[in-house]
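Participant: Take a look at this one; I'll ask things after.
Please treat every number below as a calculation from the coordinates, not as lab data. In this text the structure is predicted, and so the values were computed from the model without any measurement. As a convention, Cβ positions derive from the backbone with ideal geometry for all residues, glycine included, and neighbour counts pool all protein chains shown.
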Amino acid sequence: MTAQTKSGTSSQTTVGATGSSINLTPDQRTKIRQTVLTSSAPRVANVNFSIHVGTVILRTVHVVEVPSTLIEIHPDWRGYRYFVVHDQIIIVEPDSLRIVAVLDV
């Protein structure tokens, strides 16, 4: 899905197994950048796997529970895990570690 931001640039939000697409407003994107990306989110500098919905990540990647900011936007992510690569938030299933969403914020 492509969403327009206030600056007029497009941004991709890809959602897989959770079953629905996410349409983030510019305000939601700003809130996510200010709360999730600036927090102590688990960051991965270099990955040796594909960042796409459906990819199973390595067990060595540090993931933590999805923060409330994201759960408010998409309640189905309660109990899921996430990590950050550059400015992408990667949502993964807790048991299988399969990527279910890639949020470009």
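Participant: Six or more apart or on different chains, Cβ under 8 Å: which pairs go from a residue in the stretch 25-46 that's of a type in the set (Ser, Thr, Tyr) to one that's in a helix (DSSP H, G or I)? Could you list them?
Facilitator: Thr35/Thr69
Participant: In the stretch 45-75, which residues are of a type outside the set (Val, Ile, Thr) and buried (at least 16 other Cβ atoms within 10 Å of the Cβ)?
Facilitator: Scanning the stretch 45-75 gives Pro67, Leu70, His74.
Participant: A further question follows. Looking only at the stretch 27-44, filter to residues that are of a type in the set (Lys, Arg) and loosely packed, with under 14 Cβ neighbours inside 10 Å; which one of those is farthest from Glu65 (Cα to Cα)?
Facilitator: For the stretch 27-44, the residue satisfying everything is Arg33.
Participant: Got a number for residues in the stretch 68-105 being assigned to a loop (DSSP other than H, G, I, E, B) and in contact with a Phe, Trp or Tyr (Cβ under 8 Å, 6 or more places away or on another chain)?
Facilitator: The total comes to 2.
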